[in-house]
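Q: Got a structure for you, questions after.
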Amino acid sequence: MTEARISVAMIPIRLLAHGRAGDKGNRLNISVIAFDPQHFNHLKAHVTEDLCRRAFAFSPPSGITRYVLPKINAMNFVLEDVLDGGVNVNLRLDRHGKTLSYALLDMLIPAPPGWGDQDDNQLT
Amino acid sequence: MGDVHIAAGAGFSNDRRELGEIAAQSLTLFEGHRYLIFECLAERTLALAQTEDGHRRQVERAIGYLEACINTCILNNIKIISNFGGSAPKQVAEAIAGFLKQHNLRRKIGYVLGDELPVNEAEHGGRAISRNAYIGANGIVEALDAGADIVVTGRVADPSLVVGAVAFEHDLNWIDWNRLAQATLAGHLIECGTQVCGGYFADSGAKQVPGLTRLGAPVASVARGHDRLKISKPLGGGILTTATVTEQLLYEIHDPARYLTPDVVMDISAVSMQQTGKNEVTLTGCVGHARPDWLKTLTCVDEGWIGEGEISYMGDTSLDRAQMARSILKQRLENIAPSADPHFDVIGSMYDETENNTGRPRDVRLRMAVASVDRHQVQALLDEVEALYLNGPAGGGGIRLNICARTATVAGAVRQNEAVSHGFLLEDTQ
């Protein structure tokens, strides 16, 4: 009973992966890097271009490309036209879009199999 | 043997001054060729440096960085390469020579020219301020070849600061793409200073970083004739792990197989890394492809002014009142300047429209930003934010108003032979 409930639990990406946003012109990139290599395939299956598009519903990019780097258990998302013209002219509070990595990392994905079985994996 | 060790003493124009000295001290722990770089140019730094005041600030900045570490560098024969020459590398080099003379210090000072391009009056409505090409490492190598201990550059591509040192010490062939890519990777990883060793990384949970108050500096160690690259952080706080290195590896990267620089196209798609010691990571597998025929250029264009005004609200209904203030401002601005097109942020609930909204904020700050070529108009619109004190919703406070220059940066390209860089030695330091 308990196991069945855990298997459908949704958790934020940031519990499984970390990342950083960087800007160049009007383009933003966000890395998503697995803390534990064992979770990389799970992340690859769930952190998709489509999920990224949903994370940026408040400022839709004109294009999203995902690059997969299995040797370093990482993915790189490149988002086009999310910075209203770029760092030096846009009127946003965060002109670089540096804070936007967490817009993606807060998105919910299914917990990987076995998640929550150990005490140190408890959801916080 | 023959390793080149490069430490980063700054990752942006106004980095912590103590980092340069930590970086220099870190280098003293290594045998071989030792270089300290300061990466100080952002996209619009060159536009800001065009005024007399701006030039004075770039000179002060360069001398400020050197002041903190020059004694350690001289004592240990550490060479310095930096783009802190900004818009006027020769003039900044001369100012550095004056500073060193004043302190009875002797160093040969080199500088690199060739990035500055003529501004096309016809383009951008005559409002272009500066135009520069991102040049590669060959000018740095020429300055080092001439005997420079300190090399002052302008708009050199960031990783090229490191490529210059490695190409000079390892006598790299300019078509040795894999070695050039390895040096570029070293530069890419350390050019943002502490960002590879615990800076810009800390979070609650799994991303704890010890010693954040006095973060240490990264050192890249490039082996001769081998694709091994070591990144370490010998001194100071912070951590250097495969996690911190991976975040920096992908920072500002688009297609990992094609990172374009003036020296080489770097391909990190098959890079792997290993923790080879405490605060030490070793990377292999970086390869290079023939450099692009074109150099990236950046033109800075005067776009007038940006004005920002903010006001705070507290309590359970703070969001309601901030939204009320926003609607009042929209209507008042519509009456004064229908074309103003203001931008609003409701800080404290900015991402409420996203699907994982977590509840009502109790502390909200409304921000309005406007842009115009007419400074008076920007001021008039900000006056409306200030008027919210008496003429807006209840309990508004903490108003701040700010106006700053709006400088657009327009990317372009020139052929490699249209912006050829060369290195020189400042005469009175020879």
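Here, each number is a calculation from the coordinates, and none is a lab measurement. Predicted, not measured: the structure shown is a model, and the values here were computed from it. Every residue, glycine as well, gets a Cβ built from its backbone with ideal geometry; the counts of neighbours run over all protein chains shown.
Q: Tell me which GluC sites (Glu not before Pro) from the stretch B:253-360 have a DSSP coil assignment and no more than 15 other beta carbons within 10 Å of their own.
A: Details: sites: B:Glu280, B:Glu303, B:Glu308, B:Glu310, B:Glu334, B:Glu353, B:Glu355; in loops: B:Glu353, B:Glu355.
Sparse-neighbourhood loop GluC sites (Glu not before Pro): B:Glu353, B:Glu355.
Q: Taking every DSSP beta bridge that has both residues in the stretch B:109-236, what percent is antiparallel when rounded to the nearest 5?
A: 55 percent
Q: Computed FRET efficiency, Cβ-Cβ of B:Ala394 and B:Arg362, R0 25 Å: what is it to the nearest 0.05? Working shown, then result.
A: On the way: r = 15 Å, r/R0 = 0.60.
Using R0 = 25 Å, I get an efficiency of 0.95.
Q: Skipping prolines and chain starts, which residues have an amide H placed within reach, meaning under 5 Å, of the one on B:Arg291, given they are 5 or more residues away or on another chain?
A: Under 5 Å from the amide H of B:Arg291 lie the amide H atoms of B:Val265, each far enough along the sequence or on another chain.
Q: While we're on this one: Can you give the charge dipole size of the protein assembly as shown about its Cα centre, rounded to the nearest 20 debye, using +1 on the beta carbon of Lys and Arg and -1 on the beta carbon of Asp and Glu?
A: Numbers: 52 positive and 66 negative charges, 115 e Å.
Value, rounded to 20: 560 debye.
Q: Then there is this: Under 5 Å between amide hydrogens, which residues at least 5 positions from A:Ala17 or on another chain qualify, with H placed 1.01 Å from N in the peptide plane?
A: A:Phe35
Q: Using amide H atoms built 1.01 Å from N in the peptide plane, name the residues 5+ places from B:Asp149, or on other chains, whose amide H lies under 5 Å from its own.
A: B:Lys108, B:Ile109, B:Gly110
Q: Cα axis of helix B:52-75 to longest principal axis of chain B: angle in degrees, 0 to 90, nearest 10?
A: With both axes taken from Cα atoms, the answer is about 40 degrees.
Q: Which log10 I(q)/I(0) values, to two decimals, does chain B give at q = 0.10, 0.14 Å⁻¹ under the Debye formula with one point per Cα?
A: At q = 0.10, 0.14 Å⁻¹ the computed log10 ratios are -0.79, -1.21.
Q: Report relative contact order for chain B in percent, whole number only (criteria: Cα-Cα under 8 Å, sequence separation at least 6). Numbers along the way, then the final one.
A: Working: 1013 pairs, mean separation 77.8, N = 430.
Rounded, it is 18 percent for chain B.
Q: Relative to the Cα centre, what is the charge dipole magnitude of chain B, using +1 at the beta carbon of each Lys and Arg, -1 at the beta carbon of each Asp and Glu, and rounding to the nearest 20 debye?
A: Values: 39 positive and 53 negative charges, 168 e Å.
With Lys and Arg at +1 and Asp and Glu at -1, about 800 debye.
Q: Please give the contour-minus-distance gain from B:Gln208 to B:Leu29: 0.36 nm per residue of separation, less the Cα-Cα distance, rounded to one decimal in nm. Before the final figure, lay out each step's value.
A: On the way: separation 179, 0.36 × 179 = 64.44 nm, distance 2.67 nm.
So the extension gain works out to 61.8 nm.
Q: To make sure I understand, if each residue's beta carbon is the centre and we count other beta carbons within 10 Å, what order do B:Asp171, A:Asp84, A:Asp23 fall in, fewest to most?
A: Details: B:Asp171 10, A:Asp84 15, A:Asp23 21.
Neighbour counts put them in this order, fewest first: B:Asp171, A:Asp84, A:Asp23.
Q: Turning to a different aspect of this structure: Placing +1 at every Lys and Arg Cβ and -1 at every Asp and Glu Cβ, with all other atoms neutral, what dipole size does chain A have around its Cα centre, in debye to the nearest 20? Please list the in-between numbers first.
A: Numbers: 13 positive and 13 negative charges, 85 e Å.
The dipole magnitude comes to about 400 debye.
Q: Okay, next question. Using the structure shown, list the pairs from B:Lys79/B:Lys101; B:Lys79/B:Lys233; A:Lys71/B:Lys296; A:Lys71/B:Lys233; A:Lys98/B:Lys207 with a Cα-Cα distance above 26 Å, or answer none. Walk me through the intermediate numbers first.
A: Values: B:Lys79/B:Lys101 18 Å; B:Lys79/B:Lys233 19 Å; A:Lys71/B:Lys296 30 Å; A:Lys71/B:Lys233 23 Å; A:Lys98/B:Lys207 18 Å.
Where the Cα-Cα span goes over 26 Å, the pairs concerned are A:Lys71/B:Lys296.
Q: Would you work out which of B:Gly193, B:Ile22, B:Val410 lies farthest towards the positive end of the dipole of chain B? Charges go on Cβ: Lys and Arg +1, Asp and Glu -1.
A: So the residue furthest toward the plus end is B:Ile22.
Q: To the nearest 500 deg cm²/dmol, what mean residue ellipticity at 222 nm is calculated for chain B from DSSP H runs of n ≥ 4 alone, each contributing -39,500 (n - 2.57), summed and divided by the residues? Before the final figure, lay out each step's value.
A: On the way: 11 runs with 127 residues, N = 430.
Roughly -9000 deg cm²/dmol at 222 nm, from the helical runs in chain B.
Q: Label-point separation (nm) for B:Asn77 and B:Arg17, each offset 7 Å from Cα along Cα-to-Cβ?
A: So the label points at B:Asn77 and B:Arg17 sit 3.0 nm apart.
Q: A follow-up question, please. Just going by the charge dipole of the stretch B:183-302, with Lys and Arg at +1 and Asp and Glu at -1 on Cβ, which of B:Gln248, B:Thr213, B:Leu235 is farthest out on the positive end?
A: B:Leu235
Q: So what J values fall out for the stretch B:316-325 if you push phi through Karplus, 6.51 cos²θ - 1.76 cosθ + 1.60 with θ = phi - 60°, rounded to Hz, Gly and Pro as x?
A: 4, 9, 4, 5, 4, 6, 5, 5, 5, 4
Q: Could I ask something else about it? Going by alpha carbons, how many degrees (0 to 90, nearest 10) lie between the helix axis of B:18-27 and the longest principal axis of chain B?
A: For B:18-27 against chain B, the angle is about 30 degrees.
Q: Right, next: For the stretch B:1-128, just the Cα atoms, rotate onto the principal axes and tell me the three extents in Å, largest first.
A: 54, 33, 25
Q: Stretch B:Ser327-B:His289 to full length: gain in nm at 0.36 nm per residue minus the Cα-Cα span?
A: Values: separation 38, 0.36 × 38 = 13.68 nm, distance 5.43 nm.
Using 0.36 nm per residue and subtracting the Cα-Cα distance, I get 8.2 nm.
Q: Which ³J(HN,Hα) values in Hz, rounded to whole numbers, follow from the phi angles of the stretch B:197-204 under the Karplus curve 6.51 cos²θ - 1.76 cosθ + 1.60, where θ = phi - 60° and Gly and Pro get x?
A: 10, x, x, 6, 10, 5, 7, 5
Q: Another question about this same structure. Give the Cα extents of the protein assembly as shown along the principal axes, in whole Å, largest first.
A: 69, 66, 42
Q: If I stretch the segment between B:His343 and B:Gln416 completely, what's the gain in nm (0.36 nm per residue apart, minus their alpha carbon distance), one decimal?
A: Numbers: separation 73, 0.36 × 73 = 26.28 nm, distance 4.00 nm.
Result: 22.3 nm gained on full extension.
Q: Nearest 0.05, what FRET efficiency do B:Gln379 and B:Glu60 give at R0 = 35 Å with Cβ-Cβ as r? Walk me through the intermediate numbers first.
A: Details: r = 29 Å, r/R0 = 0.84.
E between B:Gln379 and B:Glu60, to the nearest 0.05, is 0.75.
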